[in-house]
Every structure is written in C-alpha cells, then in structure tokens.
1. Kindly express, to the nearest 10 degrees and within the range 0 to 90, the angle between helix 143-169's C-alpha long axis and the longest C-alpha principal axis of the chain.
2. Tell me, what is the FRET efficiency for Asp76 and Thr172 to the nearest 0.05, using R0 = 30 angstrom and their Cβ-Cβ distance as r?
3. Using alpha-carbon positions, what is the distance between the centroids of region 75-104 and region 30-47, in Å?
4. Please give, to one decimal in nm, the separation of the simple spin-label points placed at Trp95 and Ser15, each 7 Å out from Cα toward the Cβ.
5. Share of Cα-Cα pairs in region 99-155 beyond 18 Å, in percent?
6. When every alpha-carbon pair in the chain is counted, what percent end up more than 21 Å apart?
7. Would you look at the GNM of the chain, springs on alpha carbons closer than 10 Å, and say which of Ala104, Ala77, Ala29 moves the most?
8. Equivalent ellipsoid semi-axes for region 20-117, as square roots of 5 times the alpha carbon gyration tensor eigenvalues: give them largest first, rounded to whole Å.
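Taken together, the values in this text are just the output of simple stated rules run on the coordinates, not laboratory data. Bear in mind the structure is a predicted one, so any value in this text is a computation, not a measurement. Every residue, glycine among them, receives a Cβ derived from its backbone with ideal geometry; neighbour counts consider all protein chains shown.
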Amino acid sequence: MIEKVVRPARRLSGSWLEVISSNLEYHRATFLWKCEGLSEAQLRQRALASTELTLLGLMRHVQGVERYWFQRRLADAAPRFFPYRTYIAGDGGEWFDEADPTPAKNVYADYLAACDESREVFAKVTENLGRIVPSPEFGDTDVRFILEHVIEEYARHVGHADLLREAIDGTTGE
C-alpha cells in the first residue's frame, strides 16, 4: 500500500515562502509516514474506542483540506472532489462516512493527486502574500494566514495519526 516514505528536510532559514513551503511538504510526508506499511484493514481500523476516526478517514479529510484551501480559496477555482460517502451530523456539518467502501489504494492515489494539484497552483497563488482572500470560516484573510492554517490542519491531524498508529501496531515516532 504506502511504501517507504522519505520525509524532506525542513528549511530553517530563507524567505518566508521557502520556509513555509518546506514545512508543508514535511507535514504532508509525516502524515504518510504514519500510514506507511499498513494493510487496508489497519488503515480502516478504529483504534480508539471513543471515536470513529481512522487513518484512512484522515487521508480522505486531508485531501479535502488540500483542495478546499489551495484550489477553492487561494486559486478561486472549483476543485474536483472525489465522491466519498458522507453523512450529515446532528449539528448540520457534513462528515466522511468511515464505512465508505473506496479501496485504500484509491484514497491514497486521490490524496497524492490532491497534493500534486496544490503544488501546481502554489507558485501562482503565492505571488502576492498580502492578497486578501474571502473566507467564510475566518473572515477576510491574507494568503499567509491560509498557508499557516493548512500547516495547522496537518499538524493537528499528524498528531491524531500518531495516536492511531500507536494504537494499531505500537509504532511510535516523533
């Protein structure tokens, strides 16, 4: 499924854009590193009794993060979202259904495609870091805030992935 993941070194100095870009790539790779070597069943495993959260569910979620923030918000384009099964929660929010039958290899390929799509628009959408971007979630923000928010999403979900992976097979890492 997910073979050996090599995490890139993070830039510790340089322009703000070079540092932020390298951190985003590092977090993308770290997320996959947490999923590396697991079977389809393990990726679907509900490792914590109090939640329906799975590594595969997180992978579906972060592809949406990539497409929503880079394509819809920063590039003002209509992203092509994979038609994963969803449900409407009691609070009215739409969530991915963990029973979605899409094979893990397809979810993984979709995630990689979403990251590639984000990389393709990155240079164009970051030409003016001070550009104001309408955001129903936060109000009007600039490009820097959105890039930081995407890293925040990854950092949060890499933490979730770390806990899930340890519960699945005992593997831990930074």
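1. The answer is roughly 10 degrees.
2. For Asp76 and Thr172, the calculated efficiency is 0.15.
3. Using only Cα atoms to place each centre, the spacing works out to 19 Å.
4. Output for this residue pair reads 4.1 nm.
5. Cα-Cα pairs of region 99-155 separated by over 18 Å account for 50 percent.
6. I get 50 percent for the Cα pairs in the chain exceeding 21 Å.
7. Looking only at Ala104, Ala77, Ala29, the biggest GNM fluctuation is shown by Ala77.
8. Square roots of five times the eigenvalues give 22, 18, 13 Å.
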